[in-house]
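Participant: Below: one structure in structure tokens.
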Amino acid sequence: MTRIYVALPDGLLVVSGGPGRWQAARQLEGLPARCLAADPLRPERVYCGTFGNGLWRSDDAGASWQPAGAGIASPQVMAVAVSATERGDGNDGGAGVLSCGTEPTALYRSEDGGATWQECRALLELPSRSSWSFPPRPYTSHVRAIALDPNAPGRLYVAIEAGALVRSDDGGETWQDRQPGGPRDSHTLATPQSAPGRIYAAAGDGFMSPGNGFAVSDDGGATWRREGAGLREHYLWGLAVDPADPETLIVSAAPSPNAAHNPHAAESAIYRRTAGSDWQLRTDGLPDRHGTVASVLAAHDAEPGIFYAANNAGLYRSPDAGATWQRLDIPWPDAYRGMRTEGMAVTGH
């Protein structure tokens, strides 16, 4: 059974089943969900970060939830990730080590499923910190995304919105600051297991400098190149990589931040790229670009060749690695049309 968790501004949607037999249920109603992560070492365990209500944990695949953020200073949880290679050494049955990012910018690490936390204080000592600023709230910044390297235990990448993409090789004890040519406004990161050293970044950099929204590094972020050929829009939001092929990936794109996130002015698209090709616009089975906010995108290791996309028009599945799409037959209230989707996680067997 596949389970899809979709973060919405007023709660969490939990979808389970498979093609032709999907079911949906609401959880955490009234809470502004922002980010999601499932534990690869314990798939029934899922974490959800909220804006103003801290971090929550489910140990039964989303059926029930309990707070898990005691020890995190800020209730604005913006990013969460669980390691597939590092097991906690506490009394938590060997679950994956947990990383959590907040607004104001701070990063925390837990080895016991969120029972206790340690702040990675060295992150805030980086020289670039003085330039970190989130445009809608310029007095602050936050951790937008966390990517854990599946081939290097302890290595993690953290995207600060806006200002830097930084790296730690020791679980957050020490940090390497942003590198020349690296993205400054990364929204989603991906580190495919089948391509050691590679990191993809979907960023907002291209909004001001077309062609710079998609960044790739093959050496762990030491050097970067921009690969935007074929993209008509350059403000990138979502990103997902086919677990079976690190060269096959999709992104969601919009002409501007307002077009990406404001349902009343929304205009967005999904693009696909395969080895040796430019980005190609995909529309088959997807909603009209006008009125559709930028999709959050996801893939899952147990489903090679399958992608998922969530936006204000519905939840979509691609059975052919992003070439064509099908809308899942689940209730999608009209109220969702006026919302932006915030995050998504997929688990299954």
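The values are calculated or read from the model by the stated rules, or taken from the named source; none is laboratory data. What you see is a predicted model; the values in this text were computed from it and never measured. Reconstructed Cβ throughout: ideal geometry from the backbone, glycine too, with neighbour counts over all protein chains shown. Calculation scope for accessible area: heavy atoms of the full protein, side chains included, ligands and nucleic acids excluded. Shrake-Rupley method; radii C 1.70, N 1.55, O 1.52, S 1.80 Å.
Participant: So, of the residues in segment 13-41 that are out of contact with any Gly (no Cβ under 7 Å at 6 or more places or on another chain) and assigned to a strand (DSSP E or B), which turns out to be farthest from PRO104 (Cα to Cα)?
Facilitator: Result: GLY17.
Participant: Give segment 38-62 a look and list any residue that's small (Gly, Ala, Ser) and closer than 16 Å to GLU86 by Cα, or say none. First the steps, then the outcome.
Facilitator: First, pick out the residues of segment 38-62 that are small (Gly, Ala, Ser): 38, 49, 52, 54, 58, 61-62.
The answer is ALA38, and nothing else.
Participant: When both residues are 6+ apart or on different chains and their Cβ atoms are under 9 Å apart, which pairs have a first residue that lies in segment 193-211 and is farther than 15 Å from ARG226 by Cβ and among the charged types (D, E, K, R), and a second that is assigned to a strand (DSSP E or B) and open to solvent by 70 Å² or more (accessible area, probe 1.4 Å)?
Facilitator: That search, which allows pairs on different chains as well, returns nothing.
Participant: For segment 194-211, indicate whether the set of residues that are among the charged types (D, E, K, R), in contact with a strand residue (DSSP E or B) (Cβ under 7 Å, 6 or more places away or on another chain) and within 29 Å of LEU328 (Cα to Cα) is non-empty.
Facilitator: No: segment 194-211 contains no residue that is among the charged types (D, E, K, R), in contact with a strand residue (DSSP E or B) (Cβ under 7 Å, 6 or more places away or on another chain) and within 29 Å of LEU328 (Cα to Cα).
Condition check ((1) of a type outside the set (Asp, Glu); (2) within 22 Å of LEU36 (Cβ to Cβ); (3) under 16 Å from the mean Cα position of the chain (by Cα)) across all residues:
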| position | (1), (2), (3) |
| --- | --- |
| ALA159 | yes, yes, yes |
| GLN193 | yes, yes, no |
| GLY204 | yes, yes, yes |
| GLY211 | yes, no, no |
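Participant: Exactly one of these conditions fails for PRO319: (1) at pLDDT 95 or above; (2) in contact with a His (Cβ under 7 Å, 6 or more places away or on another chain); (3) within 25 Å of PRO19 (Cβ to Cβ). Give me its number.
Facilitator: The one condition PRO319 does not meet is (2).
Participant: Let me ask something additional. Under the condition of being of a type in the set (S, T, N, Q) and open to solvent by 40 Å² or more (accessible area, probe 1.4 Å), which residue from segment 261-293 is farthest from LEU8 (Cα to Cα)?
Facilitator: THR274
Participant: Looking for something among the acidic types (Asp, Glu) and out of contact with any His (no Cβ under 8 Å at 6 or more places or on another chain) - is there at least one such residue anywhere in segment 152-162?
Facilitator: no
Participant: Given the criterion among the charged types (D, E, K, R), at pLDDT 95 or above and over 18 Å from VAL77 (Cβ atoms), identify the matching residue among ARG144, ARG109, ARG129.
Facilitator: Within the list ARG144, ARG109, ARG129, the selection yields ARG129.
Participant: Check off (1) farther than 20 Å from PRO319 by Cβ; (2) open to solvent by less than 30 Å² (accessible area, probe 1.4 Å) for TYR308 and give me the number that stays unchecked.
Facilitator: If we test TYR308 against (1) farther than 20 Å from PRO319 by Cβ; (2) open to solvent by less than 30 Å² (accessible area, probe 1.4 Å), just (1) comes out false.
Participant: Could you say whether any residue in segment 284-296 is in contact (Cβ under 8 Å) with a residue 60 or more places away in the chain and over 18 Å from the mean Cα position of the chain (by Cα)?
Facilitator: No, segment 284-296 contains no residue that is in contact (Cβ under 8 Å) with a residue 60 or more places away in the chain and over 18 Å from the mean Cα position of the chain (by Cα).
Participant: Related question: So ASP329 clears everything in (1) open to solvent by 30 Å² or more (accessible area, probe 1.4 Å); (2) within 18 Å of GLU29 (Cβ to Cβ); (3) charged (D, E, K, R) except one condition, right? Which one?
Facilitator: Status for ASP329: all satisfied but (2).
Participant: Could you tell me which numbered condition ARG109 fails, if it satisfies all but one of (1) closer than 22 Å to ALA164 by Cβ; (2) out of contact with any Gly (no Cβ under 6 Å at 6 or more places or on another chain); (3) not small (Gly, Ala, Ser)?
Facilitator: For ARG109, the failing item is (2).
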